[in-house]
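The values are calculated or read from the model by the stated rules, or taken from the named source; none is laboratory data. In this text, all values refer to a predicted model and were calculated from it rather than measured experimentally. Positions of Cβ are generated from backbone atoms using ideal geometry, with glycine treated the same way; all protein chains shown enter the neighbour counts.
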Amino acid sequence: MFERLVGGPGGLVPNAVQQRLSAVALYAIGALVLLFVLTPIYLMVVVALQSPQTLFSGGELTLIPPTLTLNNFVTLVEQTSTVSYFLNSVIITVSSVFLSTTLAVVSGYSLTRFDISAKTLVARAVLFSYMVSPIVLAIPLYVIFFRLGLLNQYVSAILAVTAISAPFSIWLMWQYFQNIPIAYEESAWARGASRWRAVRDVVLPLARPGYISVAIFSFAVAWNDYTMVKVVLSDESLYPLTVGSELIFQEVFIGWGEQMALLFIISLPPFLVAAFLQNYLMQGFNLGHGE
Amino acid sequence: MRVANRFGLRDMGFDRDRLLVIVFLLPLIGFFAILWLVPMVYTVWSSFFSDPLVNPVFVGFDNYIAIIVDDQFLYFLWNSVLFAVSTTVLSLVVGLGFALVVNRAVFGGASLRTLMIFPYLLPTVVVVFLWRFLLDQNLGLVNRLLLEFGLIDRPIEFFGTVALAMPSIVTASVWKWGSFAFFIVLANLQAIPDEYYERAMVQGASQWQQFRDITFPHLRGAILLILLVRGIWMFNKFDVIWLTTRGGPASVTTTLPIRVYDYAIRLGEFGMGTALASIMFVLLAVGGVVYFVGLNPESGVTK
């Protein structure tokens with residue numbers, strides 16, 4: 001029945017009509033998805049940049065602001081811990097990205113270049129660990145860090161976040177090294193380069209797009225993380241923005257304007273990554289299926 | 001080509017090779033041993049004790065039995081499955097639909113792609129509070145539009161209503177994770193050679209036949225991957241639910257990860273929390289086996 005309608009030559013709905021229908025359907029889907037994706041982002045920006053006076057003038061949310069102001073950001077900086085939470089986020093994220101990427105490069109290189117019999121097992125362990133629920137890992141880590149007296153140190157947050165970002169990083173880097181032919185190294189050795197020099201001067205430059213992708217994905221995990229840090233840190237002064245924002249939102253003087261301004265601040269680094277480094281991100285999706 | 005000589009170890013003694021391999025793999029082994037194996041073993045160990053933190057008393061499978069005979073266990077499991085399946089399927093629909101659009105777009109395709117990165121990279125906290133604002137009872141845009149069109153009489157408290165809490169969380173989740181499906185599908189679409197379509201057109205295949213016989217078969221792997229992997233991740237999600245409803249109202253959005261947190265942190269029943277974590281681990285292992293057998297993901301690195 002369906003086939004008679006839309007089949008090839010002789011089908012009841014001519015192909016020209018089908019082409020037009022599919023084009024209309026595609027544009028309709030496109031418009032809907034655009035609206036769905038853009039509305040929350042637009043609202044965030046518009047509310048963050050308005051003063052409370054214009055925001056709800058007339059009892060309704062003003063969608064096209066007459067004037068813009070940075071007052072909400074000033075309130076956040078002057079009256080809340082936004083700046084220190086931001087610095088905590090930076091410390092935790094940068095350390096975790098560094099750890100995760102280094103681990104991925106060393107492991108990825110050795111897993112591709114050495115003859116290890118248990119490769120399938122390692123691959124499965126890596127894939128399996130990046131499917132485990134963060135909360136299932138966070139709970140025992142909390143106890144372990146508690147016993148070690150680390151609950152009020154950055155290191156527990158850094159390690160906990162790295163634990164969930166590293167499996168994918170290793171996986172991605174492993175795939176990336178797989179695609180770099182050994183011939184480049186062999187010709188360096190043939191010309192008398194030591195193994196270390198071949199790695200430094202030949203392999204690492206070739207692997208650059210790979211480890212930039214890995215760094216971006218670990219950045220996304222670390223900057224985004226809420227669960228791990230929430231469980232393993234007990235000292236509020238070390239909270240990153242994600243966990244700290246909940247505390248800020250509980251303050252009585254924080255309205256919608258300040259809330260959206262804070263969300264805007266949290267979104268800024270990801271926005272920059274999307275704007276300038278998206279090709280590396282795409283490569284990660286193509287190679288390792290993202291996170 | 002096997003790797004012993006691939007790495008140029010020909011002129012070295014066997015022992016030095018061994019040592020080198022071990023040194024290079026040490027970070028990997030250390031990482032998995034300390035940050036994964038120890039916590040997992042500790043979790044399983046604790047699950048057999050009552051009060052494992054302060055005064056551990058071995059109770060065998062009592063924690064597991066207590067969890068499974070709890071009236072609500074199946075309900076929480078059902079909530080987890082409901083949340084995982086609905087977010088995954090809807091994300092796939094949104095992502096697939098939009099990927100088809102972007103793949104065909106004559107202009108603006110690149111900027112549409114950039115746009116989809118935002119939801120993907122925005123932290124869950126941001127997504128949650130954006131949707132709490134959109135769906136707010138007093139000032140939210142959604143309530144205002146529904147009121148203006150006369151679809152409702154008075155504003156709805158979306159996250160606080162029994163019937164709407166889960167759909168609201170699902171909507172916010174699809175907003176964020178639909179982009180994952182989008183990127184995977186788009187990558188696969190762009191890998192289909194144009195000649196396939198050209199040849200099909202020469203042979204008189206209709207638009208529908210082209211989709212059925214060329215596009216869809218090329219996407220099958222991607223679709224399976226999204227359903228399986230995204231499904232597992234959504235089943236495991238804690239943050240998006242915790243930040244919106246804390247599992248309420250009346251536990252309609254309580255999933256297993258929320259329950260693990262409740263037991264271990266809120267109620268201080270650490271033995272119960274780790275027992276439930278172990279149960280989740282077993283469920284994940286089943287998903288993992290399906291993944292390894294069905295999609296053979298490790299073939300890319302072990303050939």
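Look at (1) at pLDDT 85 or above; (2) in a loop (DSSP other than H, G, I, E, B); (3) within 30 Å of B:R104 (Cα to Cα) and you find that A:T69 fails only one, number (3). Can you name the residue in the stretch A:215-263 that is small (G, A, S) and under 18 Å from B:R132 (Cα atoms) and is also farthest from the chain's Cα centre (by Cα) among such residues? It comes out as A:G255.
Here is the figure for the stretch A:125-139: residues that are facing chain B (nearest Cβ under 7 Å), in contact (Cβ under 8 Å) with a residue 60 or more places away in the chain and closer than 19 Å to B:G30 by Cβ total 1.
Taking the stretch A:181-198, which residues are free of Cβ contacts under 8 Å to residues at least 24 places away in the same chain and of a type in the set (A, V, I, L, M)? Hits for the stretch A:181-198 are A:A183, A:A188, A:A190, A:A193, A:A198.
Has the stretch B:217-230 got at least one residue that is buried (at least 22 other Cβ atoms within 10 Å of the Cβ) and within 30 Å of B:E157 (Cα to Cα)? Yes, the stretch B:217-230 contains a residue that is buried (at least 22 other Cβ atoms within 10 Å of the Cβ) and within 30 Å of B:E157 (Cα to Cα).
For every residue, the table says whether it meets (1) within 11 Å of chain A (Cβ to nearest Cβ); (2) under 18 Å from B:R230 (Cα atoms); (3) touching a His at 6+ places or on another chain (Cβ under 7 Å).
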| site | (1), (2), (3) |
| --- | --- |
| B:D71 | no, no, no |
| B:S80 | yes, yes, no |
| B:S86 | no, yes, no |
| B:V89 | no, yes, no |
| B:N103 | yes, no, no |
| B:G109 | yes, no, no |
| B:M116 | yes, yes, no |
| B:L130 | yes, no, no |
| B:D136 | yes, no, no |
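The residues of the stretch B:231-244 that are more than 10 Å from the chain's Cα centre (by Cα) and either facing another protein chain (nearest Cβ under 10 Å) or surrounded by fewer than 22 Cβ atoms within 10 Å (Cβ to Cβ) (or both), listed by number, are B:F238, B:D239, B:V240, B:W242, B:L243. Residues that are farther than 22 Å from A:E185 by Cα and either more than 7 Å from chain B (Cβ to nearest Cβ) or assigned to a loop (DSSP other than H, G, I, E, B) (or both) within the stretch A:107-124 comprise A:S117, A:A118, A:L121, A:V122, listed in sequence order. At the interface with another protein chain (Cβ under 9 Å from one of its Cβ atoms) and either farther than 27 Å from A:Q19 by Cβ or in contact with a Cys (Cβ under 6 Å, 6 or more places away or on another chain) (or both), is that true of B:G273? The answer is yes for B:G273. Just one of the listed residues (A:V13, A:V47, A:V17) is in a loop (DSSP other than H, G, I, E, B) and within 14 Å of chain B (Cβ to nearest Cβ), namely A:V13. For the stretch A:240-256, indicate whether the set of residues that are within 12 Å of chain B (Cβ to nearest Cβ), touching a Leu at 6+ places or on another chain (Cβ under 7 Å) and of a type outside the set (A, V, I, L, M, F, W, C) is non-empty. Checking the stretch A:240-256: at least one residue is within 12 Å of chain B (Cβ to nearest Cβ), touching a Leu at 6+ places or on another chain (Cβ under 7 Å) and of a type outside the set (A, V, I, L, M, F, W, C). When A:D115 is tested against the conditions (1) closer than 20 Å to A:F217 by Cα; (2) without any contact (Cβ under 8 Å) to a residue 60 or more places away in the chain; (3) touching a helix residue (DSSP H, G or I) at 6+ places or on another chain (Cβ under 8 Å), the lone failure is (1).
Looking at this structure, is B:A181 farther than 13 Å from B:W131 by Cβ, within 12 Å of chain A (Cβ to nearest Cβ) and not in a helix (DSSP H, G or I)? Answer is no for this residue. Annotation note: Cβ proximity below 7 Å between a residue of the stretch A:241-258 that is crowded, with 16+ Cβ neighbours inside 10 Å and outside any loop (DSSP other than H, G, I, E, B) and a residue that is small (G, A, S) and at pLDDT 95 or above (sequence gap 6+ or interchain) occurs for A:L241/A:S89. The residues listed here are B:A200, B:A205, B:A222; of these, the one that is in the same structural domain as B:L82 (by TED's automatic domain parsing), out of contact with any Lys or Arg (no Cβ under 6 Å at 6 or more places or on another chain) and in a loop (DSSP other than H, G, I, E, B) is B:A205.
Within the stretch A:204-231, the only residue that satisfies the criterion of being more than 13 Å from A:A160 (Cα to Cα), of a type in the set (S, T, Y) and surrounded by 23 or more Cβ atoms within 10 Å (Cβ to Cβ) is A:S213.
Quick grid of which residues meet (1) more than 10 Å from chain B (Cβ to nearest Cβ); (2) in a helix (DSSP H, G or I); (3) among the β-branched types (V, I, T):
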site: A:S169; (1), (2), (3): yes, yes, no
site: A:Y184; (1), (2), (3): yes, yes, no
site: A:G192; (1), (2), (3): yes, no, no
site: A:P209; (1), (2), (3): yes, yes, no
site: A:I266; (1), (2), (3): no, yes, yes
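Between B:V89, B:V94, B:V126, the distinction of being touching a residue at least 12 places away in the same chain (Cβ under 8 Å), within 25 Å of B:W175 (Cβ to Cβ) and surrounded by 19 or more Cβ atoms within 10 Å (Cβ to Cβ) belongs to B:V94 only.
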